[in-house]
1. To the nearest 500 deg cm²/dmol, what mean residue ellipticity at 222 nm is calculated for the chain from DSSP H runs of n ≥ 4 alone, each contributing -39,500 (n - 2.57), summed and divided by the residues?
2. Based on Cα positions only, what radius of gyration and what Dmax would you give for the stretch 2-197, in angstroms?
3. For the pair E86/I150, report the inter-label distance in nm, with labels modelled 7 Å from Cα in the Cβ direction.
4. What ranking, highest mean first, results for peptides 181-190, 88-97 when packing means the other Cβ atoms within 10 Å averaged over each residue?
5. Kindly list the residues of the stretch 28-43 that lie in the label zone of N199, defined by a backbone N under 18 Å from the point 7 Å along the Cα-to-C-beta vector.
6. With the cut-off at 31 Å, tell me which of the pairs K19/K114; K59/K134; K59/K173; K19/K94 have Cα atoms farther apart than that.
7. Please give, to one decimal in nm, the separation of the simple spin-label points placed at N110 and K130, each 7 Å out from Cα toward the Cβ.
8. Can you list which of the chymotrypsin sites (Phe, Trp or Tyr not before Pro) found in the stretch 1-108 are DSSP loop residues with at most 13 other C-beta atoms within 10 Å?
Amino acid sequence: MIIIDSVVGNLASIYNMLKQIGLTPKISHNYDEISKSPNIILPGVGNFKKGMETIKEKKIDKAIKNAAQNNSKILGICLGMHFFFEESEEGDEKGLGLLQGKVIKFQFNNHELKVPHMGWNYVSFNNESKLNFKYEEKIKFYFAHSYHVICKNKSDIAGTTNYGLDFVSAVQKQNLYGVQFHPEKSHNFGKNFFKNLFNKNK
């Protein structure tokens, strides 16, 4: 399993949580390792434009597309999920275009709702999505973001969350998965999320 070292992200937190559930992750930006890995995580926090510029500079964009064509399981986390889409209001750099749609900023007339959306919130997964899993409590995760995605194809939506509006908090298309939340910051919910997605449930 490869955790892509491309932009600022919670690499150590993701690495440690995956180790705790019995996986053997490796942090890498190597083109061949990413292209050939059967399981890949693309994390990211920060600015879409700067992040995509870094990805393209390191040719990670081509490696991700190679892996996607090879049916590798790819998970984008937060900004990493944003990169899957075609474009973002956060700069004029084009995304990977693996999913149709765009990334927009939260806009609220109600000043009681702050941007960024930060803290714990619930996720309603589609029952048929592979991201869905059973837990003894209502499933919630930790969020920290000012932008959210708009999917052109409703079939790509795997989960939603309410923050002033129902926004897309999880996507899935074949072997491509994305989440707006941070499973690596979500304690047992995050551990069970990773176990379920990467088949480490006992």
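Read-outs: derived from the displayed coordinates by stated rules, not from any lab. For clarity, every value in this text was computed on a predicted model and none was experimentally measured. Reconstructed Cβ throughout: ideal geometry from the backbone, glycine too, with neighbour counts over all protein chains shown.
1. -7000 deg cm²/dmol
2. 15.6, 48
3. Spacing of the two 7 Å Cα→Cβ label points: 1.1 nm.
4. Ranked from most to least packed, the peptides come out as 181-190, 88-97.
5. Once the point is set 7 Å along Cα→Cβ of N199, 36-41 turn out to lie under 18 Å by backbone N, inside the stretch 28-43.
6. Among K19/K114; K59/K134; K59/K173; K19/K94, the Cα-Cα distance tops 31 Å for K19/K114; K59/K134; K19/K94.
7. About 3.6 nm separates the two model spin labels.
8. When the chymotrypsin sites (Phe, Trp or Tyr not before Pro) of the stretch 1-108 are filtered for loop state and at most 13 Cβ neighbours within 10 Å, F108 remain.
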